[in-house]
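Engineer: Submitted below is the structure of interest, expressed as structure tokens.
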Amino acid sequence: MRMKARAEYATAKIAVWWDMKDCPIPEGYEAGRIRQSIEGELKEKGYSGPVSITAYGDQTQTPVHILQGLFSTGVSVAHTRSESTNHLMYRDIVEWRDENPPPATMMIISDQVVNHLSWDLVRLQQRTLYNLFLAYSIMPEAFIILSRSEEWCWKELLKIKRSAPPLVVVQGAKFYCKSCNFDFQSPKKFTKHLSSYEHAREEAVTTAYKKVLRVTEDWGRNYKATPEFATAKIQVWWDMFDCPIPQGYDACLVRPSIEAAFKELGYNGPVSITAYGDHKHTPLQALSSTGVHVAHTVRGVEYTHMYEDVKDWHDDNPPQTAAIMMVISDSVEIISTGLVDLLQENNYNLFLAYSFRPYKMSYLLTSAEWLWESLLAAGPLKKHSLLHKCSSTAMFYCNLCCFDTKRIDNFRAHILSDEKHAQEEKRIPAHRNSTSQYNRRCRVAEYDRHHLLDPRHSEID
Ligand SMILES: [Zn+2]
Ligand SMILES: [Zn+2]
């Protein structure tokens, strides 16, 4: 809930997808008032663009006067078998996005967003952002990763009293039978169809689609740079605990190897790299001479430090700037809820590298991913391009003491023999243990959720 009715959305079109089973019309509530209630509330919030509404659900049980009330106020009605509602509604959402470029607002009225729609939708949103509203009957228990500018409890939304303008007949609504792929212009013809032999036969002989089709699942991992991002600056946060410099690897080659991987995809913007790790035994000279910043930290709290730096970096990079974030770590999910916000609300792209491929695809949308060791093994583009990258601007930070210096000997002295620093390092383990236990619990829960409770694994198609 971060954005107010921003200028570009104030008069842009608004599409509403409404699951009538999750969010039914309350007893005694006049169907013809639904549009009024929604539009009135949106106007109140500063949105006055044209609103299209489609109601989904098993319409064989819907009384004709309700169909009539919706239709006459321009609300389209789609018949779906209950078990296919998610699938069909989401398919329509994806199709609408293809046909209606932003700026525009999407509003989803359903209790299924968190469990069934959000994974794919949040990936679509990271690629092409629409303003998003949600309404639901049951407040989701899980965290909603989708950035939205408004959300409502369905019943509350309908309850809001307004000086109701007279009901206006709105043209353009249709009735759809999603089972037979027919559309109709009158409630009578629609109900007649739903009780017809042909309709019953069609539903009997075709399998219902239950799963939501994830359209981003087969998106590639490495994309050529689009013109907008070809010269965008690239900020790299490198977790050396998860992704260390391999035994025997020349630390001078880390930066040129990373840059070569970018160039291969057409990314030529300036690269800034910060290496987080325990730097008592790091080849500091080699890293700093190639312009890699060094941040001293302790395992288990490095994510906190990295994420604080991500936020600082974001503060220096306005929302509309094309910029690229790269995280080199095996545990990007620990900071993923923060990252996914940034990716939805800014014009940023994300790169990832890790020491092993994650066992499942993240809801973080990336433009490029690498296996850390393969990236390093590929090496720099040209050997002679190595030296001119040398830079004296590399900084040394101690994340534990908020100490920084440009001098390698000062830094060494600080992390190796400064007493206050030594005390600070001793203080960390208690905190670190609780963090790593917490992280472990999160991962175990995540794994169980994926392997034990996911209904898709018990479903036979
Ligand atoms: Zn039909
Ligand atoms: Zn320190």
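The numbers here are math on the coordinates, done by the rules we state, and not lab data. Because the structure is predicted, anything quoted here is derived from the model rather than measured. Glycine also receives a Cβ, built like all others from the backbone with ideal geometry; neighbour counts cover every protein chain displayed.
Engineer: For the stretch 103-235, how big is the tail of P(r) above 22 Å, as a whole percent of Cα pairs?
Structural biologist: 64
Engineer: To continue, here is another question. Where nothing but the Cβ of Lys and Arg (+1) and of Asp and Glu (-1) is charged, how large is the charge dipole of the stretch 7-205 around its Cα centre, in debye to the nearest 20? Each step should come with its number before you reach the end.
Structural biologist: Details: 22 positive and 24 negative charges, 95 e Å.
Approximately 460 debye in magnitude.
Engineer: What angle do you read, to the nearest 10 degrees and between 0 and 90, between the alpha-carbon axis of helix 302-315 and the longest principal axis of the chain?
Structural biologist: 70
Engineer: Select from Gln126, Tyr29, Ser149 the residue farthest towards the positive end of the dipole of the stretch 22-164; place +1 on Cβ of Lys and Arg, -1 on Cβ of Asp and Glu, and compute about the Cα centre.
Structural biologist: The residue sitting most towards the positive pole is Ser149.
Engineer: Still on this structure: Is the shape of the stretch 1-89 best called rounded, prolate or oblate, per the rule: a/c under 1.5 gives rounded, else a/b larger than b/c gives prolate, else oblate, with a ≥ b ≥ c the square roots of the Cα gyration tensor eigenvalues?
Structural biologist: Working: a/c = 2.33, a/b = 1.65, b/c = 1.42.
Taking the square roots of the gyration eigenvalues as a ≥ b ≥ c, the stretch 1-89 is prolate.
Engineer: Which whole-number percent gives the relative contact order of the chain, counting Cα pairs below 8 Å spaced six or more residues apart?
Structural biologist: Taking the mean separation of contacting Cα pairs over the length of the chain, I get 14 percent.
Engineer: Determine ³J(HN,Hα), in whole Hz, for all residues of the stretch 102-109 in sequence, where each value follows from phi through the Karplus function 6.51 cos²θ - 1.76 cosθ + 1.60 and θ = phi - 60°; x replaces Gly and Pro.
Structural biologist: x, x, 6, 10, 10, 10, 10, 10
Engineer: Only four residue types carry charge here, +1 at the Cβ of Lys and Arg and -1 at the Cβ of Asp and Glu. Report the dipole size of the stretch 227-435 about the Cα centre in Debye, rounded to the nearest 20. Intermediate values should be presented prior to the final figure.
Structural biologist: Numbers: 18 positive and 25 negative charges, 117 e Å.
In total the dipole reaches around 560 debye.
Engineer: Separate question: With point charges of +1 on the Cβ of Lys and Arg and -1 on the Cβ of Asp and Glu, referenced to the Cα centre of the stretch 170-249, which listed residue (Cys177, Met240, Phe190) lies farthest in the positive direction of the dipole?
Structural biologist: Phe190
Engineer: Report ³J(HN,Hα) in whole Hz for each residue of the stretch 173-185, in order, from the Karplus equation J = 6.51 cos²θ - 1.76 cosθ + 1.60 where θ = phi - 60°; Gly and Pro get x.
Structural biologist: Computed from phi, the couplings for the stretch 173-185 are 6, 9, 10, 10, 9, 6, 6, 9, 6, 10, 10, 9, 10 Hz.
Engineer: Quick check: the angle from helix 254-264's long axis to the longest principal axis of the chain, C-alpha only, nearest 10 degrees?
Structural biologist: That helix lies at roughly 40 degrees to the long axis.
Engineer: Using the number of other C-beta atoms within 10 angstrom as an exposure proxy, rank Cys153, Cys398 with the fewest first.
Structural biologist: Cys153, Cys398
Engineer: With only Lys, Arg, Asp and Glu charged, each at its Cβ (+1 for the first two, -1 for the last two), find how big the charge dipole of the chain is about the Cα centre; round to the nearest 20 debye. Numbers along the way, then the final one.
Structural biologist: Values: 53 positive and 56 negative charges, 101 e Å.
So the magnitude is around 480 debye.
Engineer: Continuing with the same structure: Find the percent of Cα-Cα distances in the chain that exceed 38 Å, and round it to a whole number.
Structural biologist: Details: 40368 of 106030 pairs.
Tail fraction, whole percent: 38.
Engineer: Additional query: Dipole of the chain (Lys/Arg Cβ +1, Asp/Glu Cβ -1, origin at the Cα centre): which of Ser76, Asn399, Ile428 lies farthest to the positive side?
Structural biologist: Of the candidates, Ser76 comes out farthest on the positive side.
Engineer: Under 5 Å between amide H atoms, partner at least 5 residues away or on a different chain: which partners does Ile109 have, H built in plane at 1.01 Å?
Structural biologist: Long-range HN contacts for Ile109: Trp17, Trp18, Asp19, Ala135.
Engineer: Setting aside same-chain residues fewer than 8 positions from Lys420, which lysines have a Cα under 24 Å from its Cα?
Structural biologist: Those lysines meeting the cut-off are Lys280, Lys406.
Engineer: Where does the chain land at 222 nm, in deg cm²/dmol rounded to the nearest 500, when only DSSP H runs of n ≥ 4 count, each adding -39500 (n - 2.57), divided by all residues? Intermediate values should be presented prior to the final figure.
Structural biologist: Values: 16 runs with 164 residues, N = 461.
Result for the chain, helices only: -10500 deg cm²/dmol.
Engineer: What is the set of long-range amide H partners of Val170 at a cut-off below 5 Å, with H atoms built 1.01 Å from backbone N?
Structural biologist: Thr73, Gly74
Engineer: Here is a further query. Return one number: the angle in degrees, 0 to 90 and rounded to the nearest 10, between the long axis of the Cα atoms of helix 85-99 and the longest principal axis of the Cα atoms of the chain.
Structural biologist: On a 0 to 90 degree scale, this one is about 70.
Engineer: Extent of the stretch 7-205 along each principal axis, from alpha carbon coordinates, in Å, largest to smallest?
Structural biologist: Here the spans come out as 48, 40, 32 Å, largest first.
Engineer: Further question on the same structure: If you keep only loop residues by DSSP, which GluC sites (Glu not before Pro) in the stretch 73-143 have at most 12 other Cβ atoms within 10 Å of their Cβ? Intermediate values should be presented prior to the final figure.
Structural biologist: On the way: sites: Glu83, Glu95, Glu99, Glu141; in loops: Glu141.
Those that pass, being in a loop and sparsely packed, are Glu141.
Engineer: By count of other Cβ within 10 Å, fewest leading, how are Met326, Met139, Met106 ordered? Intermediate results must be reported in sequence, preceding the final value.
Structural biologist: On the way: Met326 26, Met139 9, Met106 22.
Least to most surrounded, the residues fall as Met139, Met106, Met326.
Engineer: Give the distance, in whole Å, between the Cα centre of the stretch 124-145 and the Cα centre of the stretch 3-71.
Structural biologist: Between the Cα centres of the stretch 124-145 and the stretch 3-71 lies a distance of 17 Å.
Engineer: Something else about it: Starting from the Cα gyration tensor of the stretch 227-435, take the square roots of the eigenvalues, sort them a ≥ b ≥ c, and report rounded, prolate or oblate (rounded when a/c is under 1.5, otherwise prolate if a/b is larger than b/c, else oblate). Don't skip to the end; give the middle numbers.
Structural biologist: Values: a/c = 1.58, a/b = 1.21, b/c = 1.31.
Oblate shape, in that a/c is at least 1.5 and b/c is the bigger or equal ratio.
Engineer: Ranking request for peptides 23-36, 264-277: highest mean number of other beta-carbon atoms within 10 Å first, then the rest in descending order.
Structural biologist: 264-277, 23-36
Engineer: Could you list which residues have their amide H under 5 Å from that of Arg148, counting only those 5 or more apart in sequence or on another chain, with H placed in the peptide plane?
Structural biologist: Arg2
Engineer: If each residue's Cβ is checked for other Cβ atoms within 10 Å, how do Val77, Val310 rank with the fewest at the top? It would help to have the intermediate numbers written out before the result.
Structural biologist: Working: Val77 26, Val310 18.
Exposure proxy ranking, most exposed first: Val310, Val77.
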